[in-house]
1. In a loop (DSSP other than H, G, I, E, B), acidic (Asp, Glu) and touching a Gly at 6+ places or on another chain (Cβ under 7 Å) - does that describe any residue in segment 294-312?
2. On the given criteria, is residue 156 without any contact (Cβ under 8 Å) to a residue 12 or more places away in the chain, closer than 22 Å to residue 272 by Cβ and not hydrophobic (A, V, I, L, M, F, W, C)?
3. Would you check which residues across segment 54-74 are in contact with a Phe, Trp or Tyr (Cβ under 9 Å, 6 or more places away or on another chain), touching a residue at least 60 places away in the same chain (Cβ under 8 Å) and open to solvent by 30 Å² or more (accessible area, probe 1.4 Å) and list them?
4. Looking only at segment 259-293, which residues are β-branched (Val, Ile, Thr), open to solvent by less than 50 Å² (accessible area, probe 1.4 Å) and part of a loop (DSSP other than H, G, I, E, B)?
5. Within segment 298-352, work out how many residues are surrounded by 14 or more Cβ atoms within 10 Å (Cβ to Cβ), among the small types (Gly, Ala, Ser) and at pLDDT below 95.
6. Among strands (runs of 3 or more DSSP E) lying entirely in segment 202-258, which contain 3 or more residues that are closer than 22 Å to residue 355 by Cβ and out of contact with any Cys (no Cβ under 7 Å at 6 or more places or on another chain)?
7. Take residue 348 and decide whether it is more than 24 Å from residue 176 (Cα to Cα) and either out of contact with any His (no Cβ under 7 Å at 6 or more places or on another chain) or assigned to a helix (DSSP H, G or I) (or both).
8. Restrict the check to segment 45-53 and report whether at least one residue is farther than 30 Å from residue 175 by Cβ and without any contact (Cβ under 8 Å) to a residue 12 or more places away in the chain.
Amino acid sequence: MKIGIVGASWFADLWYLPVLNMHEDVRLVAICSQSGESAQRMAEKYEVENVYTDYQRMMEEEDLDGICIVTPNDTHREIALAAISKGLHVMCEKPMAMNAEEAKEMLDAASEMGVVHAINFTYREHPAIQKLRELVKEDFIGAVHELNFEYSGDYGLDGPPGWRGTVSKGGIGGVLQDLGSHIIDAAQYILEDDIIKVNGSLFFYEDGKLVDYAEKKSEDQAADSVSLLADFSKGTKASFYTSWVTPQGNKHQTIDIKLHGGKGSLHLFSCELGTSLSYAKGGVQWQQIELEGLSPLEWDQPPSEGKFRPWRLTDKNEVWKWIDHITGKRENQLATFESGLSVQKVIDAVGSGETVLR
C-alpha cells in the first residue's frame, strides 16, 4: 500500500510513522506539512520518499492508495473529502471533525466511494479495555448500571496547549475533543451501546481557577475541564470527567475507569507508571486481574510511554489495523467513521448545552 501522511507533528512521529514503517504491506511514499520543515525531518528519519507543503499537490502527483490525516481538527473534513474523492482510503486522527455535520459528510462520502475509513481511537486495544469488554459481555459483574470514566492530564496548566486549546482550530470542547473523545468511544465500545442523552459542563482555566463559559475572557479559548453525565440507550448511567489542568505528579496522564453491575465492580487504573485492573463481587475482597503485555502499577518506578500504551508498535495499533483492513485482513474490529460520528454527536451536545443527542 502506497501511503501518504498529511501532518508531521510529534504525534505523527509517535503513533503513525513508526508503525507504518514496520508494516510489511506499506510503502511510505510522501509526507506533507505546511512549511515542509517538519515533514523533511520525518522523511529523513523514516525514509519517506517525497516531501510536500501542499496535500492537494501530494495527492495529485503521487499514486497513493491511502492517506493518514494527523492535522488540527478544523482541517480534517477538507483533507478527508479531497482524499475520498480520489478513491483513497483514509485514517483520520480523532476527533473526527469540528462537529457532527462535518463528520456525517465525511462518513457519507467514504461509504459512497467504498473506501476503508478509520478513526485513531488508540485505547480500544488497551489489553485492559479489551478485558473489560469481554467481562461485560460474559455478564461477569451482572448487568452494568453505572460507569465512571476519567481521562486527565496536566499539560494545560501553563496555558491552552497550542491549537488544541483554541475554539477556531480545536473546537469549543477543547479537552473533550482531545482526551474526552477517547473515553466516550471506550465507554460505548465496552458496553456495545450508544449514549443518547447528556448533561455536561465546560470549564475554562484562568488565573489559577476554573470559570464557566459565561465568564471566560478569551473568545477563542476552548474548554480546559469538562464534566458530563450520560444515559445509554439500554439504561446504563455514566459520569465522565476529562481535564488537561489536573496535576499528575510523575504519572503524566491518567485513565481511571469504574464499572458497577448487579454482581460486583471492575476498576481500571492506567498511567505512565503502569496499569491495575481489579474486581470485587458482593462482600468479597478486591482481586487483581493479571494481563499479559501490561506493566503492573509501580508508584516508585520511573514513568514511560511503554507502560501506558505498550501496544503502540504492534499489530494492535489502529493504524496497522487500518492497513490490514485495506488488504483484506479483517480479524480485528476497526474504529470507523461511524464511531467517530457517534462520539462527535456527544461532543456537540455538551458544547451546545443540549441534552438529547440528534
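The values are calculated or read from the model by the stated rules, or taken from the named source; none is laboratory data. The structure presented is a predicted model; accordingly, all values stated were derived computationally and were not measured. Glycine also receives a Cβ, built like all others from the backbone with ideal geometry; neighbour counts cover every protein chain displayed. Only protein heavy atoms, including side chains, enter the accessible area calculation; ligands, DNA and RNA are left aside. Shrake-Rupley method; radii C 1.70, N 1.55, O 1.52, S 1.80 Å.
1. Looking for residues that are in a loop (DSSP other than H, G, I, E, B), acidic (Asp, Glu) and touching a Gly at 6+ places or on another chain (Cβ under 7 Å), one finds at least one in segment 294-312, hence yes.
2. no
3. 62, 72, 74
4. Matches in segment 259-293: 289 only.
5. Matching residues across segment 298-352 total 1.
6. Counting at least 3 such residues, we get 225-232, 237-243.
7. For residue 348, the condition - more than 24 Å from residue 176 (Cα to Cα) and either out of contact with any His (no Cβ under 7 Å at 6 or more places or on another chain) or assigned to a helix (DSSP H, G or I) (or both) - is not met.
8. No; the residues of segment 45-53 include none that is farther than 30 Å from residue 175 by Cβ and without any contact (Cβ under 8 Å) to a residue 12 or more places away in the chain.
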